[in-house]
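A.B. asks: Input: one structure, supplied below.
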Amino acid sequence: MRDATGRYNSLLVLGGTSDLGVATARALIANGTREVILAGRRPDALEEQAANLRNDGGHVSTFPFHGEDADSHAHALDALWPSSDIDLAVVAYADLGDEPHMAEHPEAAARLLTLNLAATSTAILELARRMEHQGHGTIVVFSSVAGQRA
């Protein structure tokens, strides 16, 4: 829950190695956020980002999360949801894809749409369900102007 000054106490970043997600975590840590969970598919890269954020003063943990695997989202979020609440969830994973490659390989375009639309929607709905259950929370979804390319 937000504290009396409006600061978020806890943050979950899905896409924990994304530049936008890490920059958001850094800014929130500087503003007083105490707990950060970085979730993503590359454990070594997650730990590197977590170490950097710890140097900024945050209590940061990492957790495996595969954005493209919508069927795993409920189980992954159940496993990573802390005993306390998550106040803010940032969804910051996506892929821009390779347009020439997708033009030649429609199945690649379908995989990209699955990741960027269908699987992201699943993650958002799973986050919303948990936040509704806890009685509060905010979800922020980062997008890109590159989305107009589709």
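The values are calculated or read from the model by the stated rules, or taken from the named source; none is laboratory data. As the structure is a computational prediction, the values presented were derived from the model and not from experiment. Cβ: placed from backbone, ideal geometry, glycine included. Neighbour counts: every protein chain shown. Ligands, DNA and RNA are excluded from the accessible area calculation, which covers all protein heavy atoms including side chains. Shrake-Rupley method; radii C 1.70, N 1.55, O 1.52, S 1.80 Å.
A.B. asks: Report every pair of residues separated by at least 6 positions or lying on different chains whose Cβ atoms are under 8 Å apart, first residue within the range 55-71 and under 22 Å from Glu126 (Cβ atoms) and hydrophobic (A, V, I, L, M, F, W, C), second open to solvent by 80 Å² or more (accessible area, probe 1.4 Å) and part of a loop (DSSP other than H, G, I, E, B).
C.D. replies: Note: pairs meeting the criteria are Phe65/Arg41.
A.B. asks: Being open to solvent by 30 Å² or more (accessible area, probe 1.4 Å) and either of a type in the set (Ser, Thr, Tyr) or not in a loop (DSSP other than H, G, I, E, B) (or both) is the filter; apply it to the range 94-108 and report the residue that is nearest to Asn31 (Cα to Cα). Break it down into steps so the answer makes sense when it comes.
C.D. replies: The first filter runs over the range 94-108 and keeps only residues open to solvent by 30 Å² or more (accessible area, probe 1.4 Å), leaving 94-107.
Filter again for either of a type in the set (Ser, Thr, Tyr) or not in a loop (DSSP other than H, G, I, E, B) (or both), leaving 99-104, 106-107.
On the way: Glu99: 39, Pro100: 42, His101: 42, Met102: 41, Ala103: 44, Glu104: 47, Pro106: 44, Glu107: 43 Å.
The selected residue is Glu99.
A.B. asks: Can you tell me which residue is farthest from Ser10 (Cα to Cα) among those in the range 122-138 that are in contact (Cβ under 8 Å) with a residue 12 or more places away in the chain, part of a helix (DSSP H, G or I) and out of contact with any helix residue (DSSP H, G or I) (no Cβ under 8 Å at 6 or more places or on another chain)?
C.D. replies: Ranking the qualifying residues of the range 122-138, first place goes to Ile124.
A.B. asks: Could you tell me whether any residue of the range 84-91 is open to solvent by less than 10 Å² (accessible area, probe 1.4 Å) and among the acidic types (Asp, Glu)?
C.D. replies: Looking through the range 84-91, at least one residue is open to solvent by less than 10 Å² (accessible area, probe 1.4 Å) and among the acidic types (Asp, Glu).
A.B. asks: Out of the residues in the range 60-83 that are among the charged types (D, E, K, R) and under 19 Å from Gly21 (Cβ atoms), state the one that is most open to solvent (accessible area, probe 1.4 Å).
C.D. replies: Step one: of the range 60-83, the residues among the charged types (D, E, K, R) are 68-69, 71, 78.
Still in the running and under 19 Å from Gly21 (Cβ atoms): 68-69.
Values: Glu68: 91, Asp69: 66 Å².
Within the range 60-83, the match that is most open to solvent (accessible area, probe 1.4 Å) is Glu68.
A.B. asks: To continue, here is another question. Taking the criterion of being within 22 Å of Ala45 (Cα to Cα), among the small types (Gly, Ala, Ser), in contact (Cβ under 8 Å) with a residue 60 or more places away in the chain and in contact with a His (Cβ under 6 Å, 6 or more places away or on another chain), would at least one residue in the range 83-90 satisfy it?
C.D. replies: Checking the range 83-90: not a single residue is within 22 Å of Ala45 (Cα to Cα), among the small types (Gly, Ala, Ser), in contact (Cβ under 8 Å) with a residue 60 or more places away in the chain and in contact with a His (Cβ under 6 Å, 6 or more places away or on another chain).
A.B. asks: Sticking with this one: Of all residues being surrounded by fewer than 23 Cβ atoms within 10 Å (Cβ to Cβ) and of a type in the set (A, V, I, L, M) in the range 1-21, which is modelled with the highest pLDDT? Just the residue, please.
C.D. replies: Result: Leu20.
A.B. asks: Another one. For Glu35, which of the numbered conditions (1) open to solvent by 80 Å² or more (accessible area, probe 1.4 Å); (2) of a type outside the set (Val, Ile, Thr); (3) modelled with pLDDT of 90 or more; (4) out of contact with any Ser or Thr (no Cβ under 6 Å at 6 or more places or on another chain) fails to hold?
C.D. replies: (4)
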